[in-house]
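Bear in mind that the values in this text are calculations on the coordinates, not laboratory data. If you're wondering where the values come from, they're calculated on a predicted model, not measured in any experiment. Cβ: placed from backbone, ideal geometry, glycine included. Neighbour counts: every protein chain shown.
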Amino acid sequence: MPPEHEKLIAVGRITGTHGIKGQLRLQSYSGNLDSLNAAQHITLRLPDGSYREFGLIRAAHHGGAFLLTLAEFNNINQVLSLVGSELCLLRQQLPTPAEGEYYWQDLLGMTVITDDTTLLGTISEILETGANDVYVVTGQGREYLIPAVASVVAKVDLTSKTMTITPLEGLLDL
């Protein structure tokens, strides 16, 4: 990732367009509209991996998603290429997470160990399942699916980039 984009955090994905006036449909990773409304500019990580900054005119709830109106566009044909992009904000544009909550970017790449210090690997992906997130942990030639629930995740240490889990019976045998 280019150095100027190291402090960006992905907060949603552009899933489609809305109407003919160039609005974009956003699936938010957090459901928090306040950060978007406070932002005057957003950065999109385009499908090709490049980054581009845009002025944000408006963000609003619509159904189960958000609608974005960007300053540069007023026609559906102008925004079609943005579908599939990830919307990123600078960390300072985001609220501080509550106790026990973390931004996905802080968890990705984190080392996962069990409470008896067995190394499982690193968090390579986070899946949204509706009930709770699931951490995909890869390493030691295996892949583990770890539910992000308090009864399993015993400790998260952002400083050492380590997560300690207490696996449920049979969880690591799957």
(request) For an R0 of 22 angstrom, estimate the FRET efficiency from the Cβ-Cβ distance between Ala154 and Lys7 and round to the nearest 0.05. (result) 0.15
(request) Return the percentage of antiparallel bridges among DSSP beta bridges fully within the chain, rounded to the nearest 5 %. (result) 90
(message) Need the list of aspartates and glutamates near Lys161 for cross-linking: C-alpha distance under 13 angstrom, and skip anything on the same chain fewer than eight residues off.
(response) Asp106
(request) Take each of the peptides 115-126, 13-24, 89-100, average the number of other beta-carbon atoms within 10 Å over its residues, and list them starting from the highest. (result) 13-24, 115-126, 89-100
(request) Starting at the first residue of region 79-85, write each ³J(HN,Hα) from the Karplus equation 6.51 cos²θ - 1.76 cosθ + 1.60 with θ = phi - 60°, in whole Hz, x for Gly and Pro. (result) 10, 4, 6, 8, 4, x, 6
(request) Grab the beta carbon distance between Ile113 and Leu90, set R0 = 25 Å, and tell me the FRET efficiency rounded to 0.05. (result) 0.20
(request) Return the Cα extents of region 104-168 along principal axes one, two and three, sorted largest first, each rounded to a whole Å. (result) 30, 24, 23
(request) Tell me what the chain gives for mean residue ellipticity at 222 nm when only DSSP H runs of n ≥ 4 count, each as -39,500 (n - 2.57), the sum divided by the residue total, rounded to 500 deg cm²/dmol. (result) -1000 deg cm²/dmol
(message) Report the gain in length on full extension from Asn74 to Arg58: 0.36 nm times residue separation, minus Cα-Cα distance, nm rounded to one decimal.
(response) 4.5 nm
(request) Using the Cα centre as the reference, give the magnitude of the dipole from point charges on the C-beta atoms of the chain (Lys, Arg: +1; Asp, Glu: -1; all else neutral), rounded to the nearest 20 debye. (result) 720
(request) For an R0 of 41 angstrom, estimate the FRET efficiency from the Cβ-Cβ distance between Asp106 and Ile20 and round to the nearest 0.05. (result) 0.60
(request) For region 15-91, compute Rh as the Kirkwood radius over C-alpha pairs and then the Stokes-Einstein diffusion coefficient at 10 °C and 1.306 mPa s; write the answer in µm²/s, rounded to an integer. (result) 128
